[in-house]
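Chemist: What follows is a structure written as structure tokens; I'll ask about it next.
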Amino acid sequence: MSFNLLSLNIISSLIFTLCSISARATITLNTSVSGASAYDYNTVSGIPIVYGGLGGTCSSTDGTNACDSCANAPTAGTACNQNRIYDSLQLTITLKSDKASSGSVIITTEDGKTPLTMVTSETVGSTNTYGSVTVLWTYVCDTINTDAVDCDSTAAGTLLSGNLLVGIDGNSDGDLNSDVDDSAKIAFRVYSPETSNSTNGANCTSITGACALSVYPGDEKVYINSFTAPTGFASVKSDIKVKYVRLMFSAVNFDSLSVVENYQDFEIIDDATNISGYLDGLTNDTPYVFKYASIDDAGNIYNFLDAASFSSASGCIASSATPSISDTTCAYIATPGKVFGLLSEDLNCFIATAAYGSSWAPPLKTLRAFRNTYLLTHDWGKAFVLSYYKYGSQAAYWIKNSPGLKVISQILLWPLWAFAWMSLQIGLWTSLILWGLVVGSFFYIFKRRFLCAR
């Protein structure tokens, strides 16, 4: 999903049921929203959420379209929003009711008693007839949080959160507080991200978004290998979460990476570090450099990988240099190729997947990361993986259909997993030395106690 429209106009056929404290009849409400950064109509609570993002600064506004603050400095790596709201932006909510036969469409405080100052308020003349209400965002921000003078004055790192009522004023008394009115609750979340938002490729303790991400190549594509996230991920604030990771790419250099072009957004799965999909359309045998950032529910883009972190990462070149096909150890450079397409198309480790029953089991994520980090970056490793893929699927068939073989396979895979995990933590050669000492000590003790005793 891309946030590259100047105005977000999401039309849904949201239907949800509400009953008032006074036990009024059940109502049905359909809504559509324009002039927002994002809109979530499929919530657990059943209350739709309208998001307003305040990342970056608008260079110009027209009052009817959200601005693209990312266009101001697309390669700077600073917080921005491609659908940023502002005080004078018009927010329009369209609805219909199967209860109220006529009346004006209005928006009020959550208790229904006080209407907001509205730009327009359409009148409907019958049930199931669409009508809309338009209000400036400045009044929304001021109403959901009395400490906020307006939206644009919201301090960095601050979340404004509250509920409002929208509906049809059936008796034309200016509120939504009587039995002849029909209304529904909508939640509003307005978030201004921190201005200091770059991410360090190694130290992820103070980062609210994705961190230490790496990529590996496929056939005309790249996959996200893995990323690290701090405790509490994907939460940013109590009502705001990281929803996507944006992966930007360039065949020129790191400094040319742009947040508004040549990118792919990957959705966070189950608030964890699992990401599905891949970035395709790349040219085989062409080295690409990558940068990533996090996108929250309100469409704010921040926590960019900065140039300093890129340049200090193991094996990575200076930020202004062109990536080379020989840059195989840099986690942020990858060269797609046909051979990688065979190795990584389905992300599966055949035997391990059959043994554990799921391609996303934790041990498999470790083995896959070891494969991508060490095996696919060396010719000998590629040869080994090609052989494994040739014969592994046949072995996996027997393991998958035998509970006993599954147990045996898991036992045999344990030392391989331990070695892979250790290599990812302290390095391949250090792990080889340590494992060599352990294995050598074992055979030495075995020889002295058993063989020499005869």
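The values are calculated or read from the model by the stated rules, or taken from the named source; none is laboratory data. Source: prediction; values computed, not measured. Note: ideal-geometry Cβ built from the backbone for every residue, glycine included; neighbour counts use all protein chains shown.
Chemist: Working only within the stretch 163-193, note down all residues that are modelled with pLDDT under 95, under 36 Å from the mean Cα position of the chain (by Cα) and surrounded by fewer than 22 Cβ atoms within 10 Å (Cβ to Cβ).
Modeler: 185
Chemist: From the list 138, 134, which one is polar (S, T, N, Q), modelled with pLDDT of 90 or more and in contact with a strand residue (DSSP E or B) (Cβ under 9 Å, 6 or more places away or on another chain)?
Modeler: 134
Chemist: On the given criteria, is residue 143 surrounded by 19 or more Cβ atoms within 10 Å (Cβ to Cβ), assigned to a loop (DSSP other than H, G, I, E, B) and among the hydroxyl-bearing types (Ser, Thr, Tyr)?
Modeler: When the stated conditions are applied, residue 143 does not pass them.
Chemist: Report, by residue number, each residue of the stretch 126-141 that is under 16 Å from residue 160 (Cα atoms) and in contact (Cβ under 8 Å) with a residue 24 or more places away in the chain.
Modeler: Scanning the stretch 126-141 gives 136, 137, 138, 140, 141.
Chemist: Kindly establish whether residue 63 is buried (at least 21 other Cβ atoms within 10 Å of the Cβ), assigned by TED's automatic domain parsing to the domain that holds residue 122 and touching a residue at least 12 places away in the same chain (Cβ under 8 Å). Explain how you work it out, then say what you get.
Modeler: On the way: buried (at least 21 other Cβ atoms within 10 Å of the Cβ): no; assigned by TED's automatic domain parsing to the domain that holds residue 122: yes; touching a residue at least 12 places away in the same chain (Cβ under 8 Å): yes.
So residue 63 fails the test.
Chemist: So, in the stretch 17-34, of the ones that are buried (at least 18 other Cβ atoms within 10 Å of the Cβ) and in contact with a Gly (Cβ under 9 Å, 6 or more places away or on another chain), which residue ends up modelled with the highest pLDDT?
Modeler: The selected residue is 29.
Chemist: Run down 285, 306, 270, 296 and say which single residue is charged (D, E, K, R) and over 30 Å from residue 51 (Cα atoms).
Modeler: After applying the criteria, what remains is 285.
Chemist: Related question: Name the residues in the stretch 58-103 that are modelled with pLDDT of 95 or more and at positive phi, would you?
Modeler: The answer is 63, and nothing else.
Chemist: Tell me whether the stretch 317-340 contains one or more residues that are modelled with pLDDT under 85, touching a helix residue (DSSP H, G or I) at 6+ places or on another chain (Cβ under 6 Å), surrounded by fewer than 24 Cβ atoms within 10 Å (Cβ to Cβ) and hydrophobic (A, V, I, L, M, F, W, C). Talk me through it step by step, then tell me what you get.
Modeler: From the stretch 317-340, those modelled with pLDDT under 85 are 317-331, 337-340; that's our starting set.
Keeping just the survivors that are touching a helix residue (DSSP H, G or I) at 6+ places or on another chain (Cβ under 6 Å) gives 318-320.
The next check asks that each one be surrounded by fewer than 24 Cβ atoms within 10 Å (Cβ to Cβ); those that pass are 318-320.
Of the ones still in play, those that are also hydrophobic (A, V, I, L, M, F, W, C) are 318.
Yes; the residues of the stretch 317-340 include at least one that is modelled with pLDDT under 85, touching a helix residue (DSSP H, G or I) at 6+ places or on another chain (Cβ under 6 Å), surrounded by fewer than 24 Cβ atoms within 10 Å (Cβ to Cβ) and hydrophobic (A, V, I, L, M, F, W, C).
Chemist: Given the structure, is residue 435 at pLDDT 70 or above, surrounded by 10 or more Cβ atoms within 10 Å (Cβ to Cβ), part of a helix (DSSP H, G or I) and touching a Pro at 6+ places or on another chain (Cβ under 6 Å)? Write out each step before concluding.
Modeler: Details: at pLDDT 70 or above: yes; surrounded by 10 or more Cβ atoms within 10 Å (Cβ to Cβ): yes; part of a helix (DSSP H, G or I): yes; touching a Pro at 6+ places or on another chain (Cβ under 6 Å): no.
The answer is no for residue 435.
Chemist: Could you list all residues from the stretch 48-60 that are more than 22 Å from the chain's Cα centre (by Cα) and either of a type in the set (Val, Ile, Thr) or buried (at least 24 other Cβ atoms within 10 Å of the Cβ) (or both)?
Modeler: The answer is 57, and nothing else.
Chemist: Taking residue 284 as the residue in question, decide whether it is surrounded by fewer than 22 Cβ atoms within 10 Å (Cβ to Cβ) and either touching a Ser or Thr at 6+ places or on another chain (Cβ under 9 Å) or over 21 Å from residue 228 (Cβ atoms) (or both).
Modeler: In short, yes.
Chemist: Continuing with the same structure: Quickly run through the stretch 149-161 and pick out the residues that are surrounded by fewer than 20 Cβ atoms within 10 Å (Cβ to Cβ) and closer than 12 Å to residue 191 by Cβ.
Modeler: From the stretch 149-161, those surrounded by fewer than 20 Cβ atoms within 10 Å (Cβ to Cβ) are 149-150, 152-153, 155-159, 161; that's our starting set.
Hits for the stretch 149-161 are 155, 156, 157, 158, 159, 161.
Chemist: Quick check on this structure: which one of 293, 298 is in a loop (DSSP other than H, G, I, E, B), surrounded by 23 or more Cβ atoms within 10 Å (Cβ to Cβ) and either modelled with pLDDT of 90 or more or in the same structural domain as residue 377 (by TED's automatic domain parsing) (or both)? Spell out the reasoning first.
Modeler: Working: 293 fails: in a loop (DSSP other than H, G, I, E, B).
Selected residue: 298, the only one of 293, 298 that is in a loop (DSSP other than H, G, I, E, B), surrounded by 23 or more Cβ atoms within 10 Å (Cβ to Cβ) and either modelled with pLDDT of 90 or more or in the same structural domain as residue 377 (by TED's automatic domain parsing) (or both).
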